[in-house]
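The values are calculated or read from the model by the stated rules, or taken from the named source; none is laboratory data. From a predicted model like this one, the values you see are computed outputs, not experimental measurements. Reconstructed Cβ throughout: ideal geometry from the backbone, glycine too, with neighbour counts over all protein chains shown. For the accessible areas, the whole protein counts, side chains as well, though only heavy atoms, and no ligand, DNA or RNA atoms are used. Shrake-Rupley method; radii C 1.70, N 1.55, O 1.52, S 1.80 Å.
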Amino acid sequence: METVVLTFDQNKAILELNRPQALNAMDVQMLTELVDALRKIKESDASVVVIRGKGRGFSAGGDIKTMLAVDDPSQFQTVMKTIQEMIMLLYTMPKITVSLIHGPAAGLGFSFALASDYLIATKEARLAMNFIGIGLIPDGGGHFFLAQRVGTAKAKQIIWEGKPMSADEAQQLGLIDFIVEDEQQAEQAIASLQEKPLQAMIATKMLYVEQT
């Protein structure tokens, strides 16, 4: 079964996380397939990228059980390098990227979403940088993306608390850009984005990417 589904619609690439039975938790297979899909998108003619999860949520984060089940412990470093490549591909993507969040977006799933240019959430979205609960620091650049959006002091507090946030709470902090009622309203927001001067927006984005 493909854990990632990639489709193209005119100037839009749609990337779907496809492990609904596991709330789209990112196992080794999904991480590898995400890297492959993001490489394809980078080389495509799409100007807008929409990332979403199938089923009841965006992504519950990294699938820790499957990662720890890797037979050779040295392969764990390979997994971490795959995560790094995935995040960097999305963050530096010469496209306008949108993460459409419904249900849970936690841990690595939240970090992945934060690497996008826009975060759009439905009312039932629940977001958490919850690494502290298992005694870890954020991976996937979560600490960096939080600090970009809310500043270093507040980013540390969000990480240390690790508590779930509603869409409204996350928007008040500046972690969510738009809240929508349903998928139709989300599609309208994306369609409106597609009408903007995308090439100028992408050129502006790349100015900031070059500074990081």
With the condition being under 19 Å from GLY61 (Cα atoms), I'd like the strands (runs of 3 or more DSSP E) fully within segment 110-212 carrying at least 2 qualifying residues. 118-122, 126-128
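Residues are listed down the side, and each one gets a yes or a no for (1) open to solvent by 10 Å² or more (accessible area, probe 1.4 Å); (2) at pLDDT 95 or above; (3) among the acidic types (Asp, Glu); (4) at positive phi:
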residue	(1), (2), (3), (4)
ASN18	yes, yes, no, no
GLN21	yes, yes, no, no
ASN24	no, yes, no, yes
GLU33	yes, yes, yes, no
VAL48	no, yes, no, no
ARG52	yes, yes, no, no
GLY57	no, yes, no, no
LYS65	yes, no, no, no
LEU89	yes, yes, no, no
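For ALA147, are the conditions met, namely being open to solvent by less than 60 Å² (accessible area, probe 1.4 Å), of a type outside the set (Phe, Trp, Tyr) and out of contact with any strand residue (DSSP E or B) (no Cβ under 8 Å at 6 or more places or on another chain)? Even if it seems obvious, please write down each step before you answer.
Details: open to solvent by less than 60 Å² (accessible area, probe 1.4 Å): yes; of a type outside the set (Phe, Trp, Tyr): yes; out of contact with any strand residue (DSSP E or B) (no Cβ under 8 Å at 6 or more places or on another chain): yes.
It is true that ALA147 is open to solvent by less than 60 Å² (accessible area, probe 1.4 Å), of a type outside the set (Phe, Trp, Tyr) and out of contact with any strand residue (DSSP E or B) (no Cβ under 8 Å at 6 or more places or on another chain).
Report the residue count in segment 93-121 for those that are among the hydrophobic types (A, V, I, L, M, F, W, C), without any contact (Cβ under 8 Å) to a residue 60 or more places away in the chain and in contact with an Asp or Glu (Cβ under 6 Å, 6 or more places away or on another chain).
Of segment 93-121, the ones among the hydrophobic types (A, V, I, L, M, F, W, C) are 93, 96, 98, 100-101, 105-106, 108, 110, 112-115, 119-121.
Filter once more, so that each one left must be without any contact (Cβ under 8 Å) to a residue 60 or more places away in the chain: 93, 105-106, 110, 115, 119, 121.
Imposing the further condition that a residue be in contact with an Asp or Glu (Cβ under 6 Å, 6 or more places away or on another chain) reduces the set to 119.
Here the count works out to 1.
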Mind checking which residues of segment 49-108 are out of contact with any strand residue (DSSP E or B) (no Cβ under 7 Å at 6 or more places or on another chain), closer than 18 Å to GLY141 by Cα and acidic (Asp, Glu)? GLU85
Taking into account only those residues within segment 123-142 that are touching a strand residue (DSSP E or B) at 6+ places or on another chain (Cβ under 6 Å) and of a type outside the set (A, V, I, L, M, F, W, C), which is nearest to ALA191 (Cα to Cα)? ARG126
